[in-house]
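A quick write-up on the structure given underneath.
Any read-out appearing in this document is the output of simple, stated calculations on the displayed coordinates, not a laboratory observation. Predicted model, so just to flag it, every value in this text is computed and none were measured. Counting neighbours? That spans all protein chains shown, and the Cβs are built from the backbone with ideal geometry, glycine included.
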Amino acid sequence: MRDGDKLFVMYRRGPGNFTIVPRGALGWFQFAVWLALLGALVVWFADHVELNGNGPEFFYGIALFAIGVFVWMVAGLWWMIARAEIVEVAELMRDRQRERRKRRREQ
């Protein structure tokens, strides 16, 4: 997949410091579908709490919900990063600074 065709843009500022932004209608659609999956998990948890508010089943539901949210988050990041154009912010800022210096020298 070419960088221009990728559905997300990831702005990386350092290790563990990044921002992922959907690109275009298809990127936003995939992001919305991913949020809908979280919505389904929350609805399941709400139903589980209503049915099993007291008792040991409640704690199993909390554990399953926590594991589900963790898996949802890791899988979503993995999916988006695999389909993202990666922009190194430090390189981008350095290139812009070089261009400004070059323009100043030419004046």
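What Kirkwood radius, in Å to one decimal, follows from the Cα pairs of the chain?
With all distinct Cα pairs of the chain included, I get 17.0 Å.
Find, among the trypsin sites (Lys or Arg not before Pro) in the stretch 1-91, those assigned to loop by DSSP (not H, G, I, E, B) with at most 13 other beta-carbon atoms within 10 angstrom.
Filter output for the stretch 1-91: Arg2.
Using Cα atoms only, what is the angle between the long axis of helix 56-82 and the major principal axis of the chain, expressed in degrees (0 to 90) to the nearest 10?
20 degrees
Under the rule of -39500 (n - 2.57) per DSSP H run of 4 or more residues, summed and divided by the residues of the chain, what mean residue ellipticity at 222 nm is obtained, to the nearest 500 deg cm²/dmol?
-24000 deg cm²/dmol
Could you work out how far helix 24-51 tilts from the main Cα principal axis of the chain, as a 0 to 90 degree angle to the nearest 10?
Orientation of helix 24-51: about 20 degrees from the principal axis.
Pull up all non-local amide H partners of Val87: gap of 5 or more, or a different chain, and H-to-H distance under 5 Å with H placed in the peptide plane.
Met10, Tyr11, Arg12
Just the number, please: percent antiparallel of the DSSP beta bridges in the chain, rounded to the nearest 5.
About 55 percent, rounded to the nearest 5.
Among rounded, prolate and oblate, which fits the stretch 43-106 when a ≥ b ≥ c are the square roots of the eigenvalues of its C-alpha gyration tensor, a/c under 1.5 means rounded, and a/b larger than b/c means prolate?
In terms of gyration-tensor shape, prolate.
Once the Cβ-Cβ distance between Phe59 and Trp34 is put in as r, and R0 is 30 Å, what FRET efficiency do you end up with, to the nearest 0.05?
Here the calculated transfer efficiency is 0.60.
Calculate, in nm to one decimal, what Ala82 and Val42 gain on full extension: separation in residues at 0.36 nm each, minus their alpha carbon distance.
Gain in length upon complete extension: 11.8 nm.
List every residue whose amide H lies under 5 Å from the amide H of Leu7, counting only residues 5 or more places away in sequence or on a different chain, with H placed 1.01 Å from N in the peptide plane.
none
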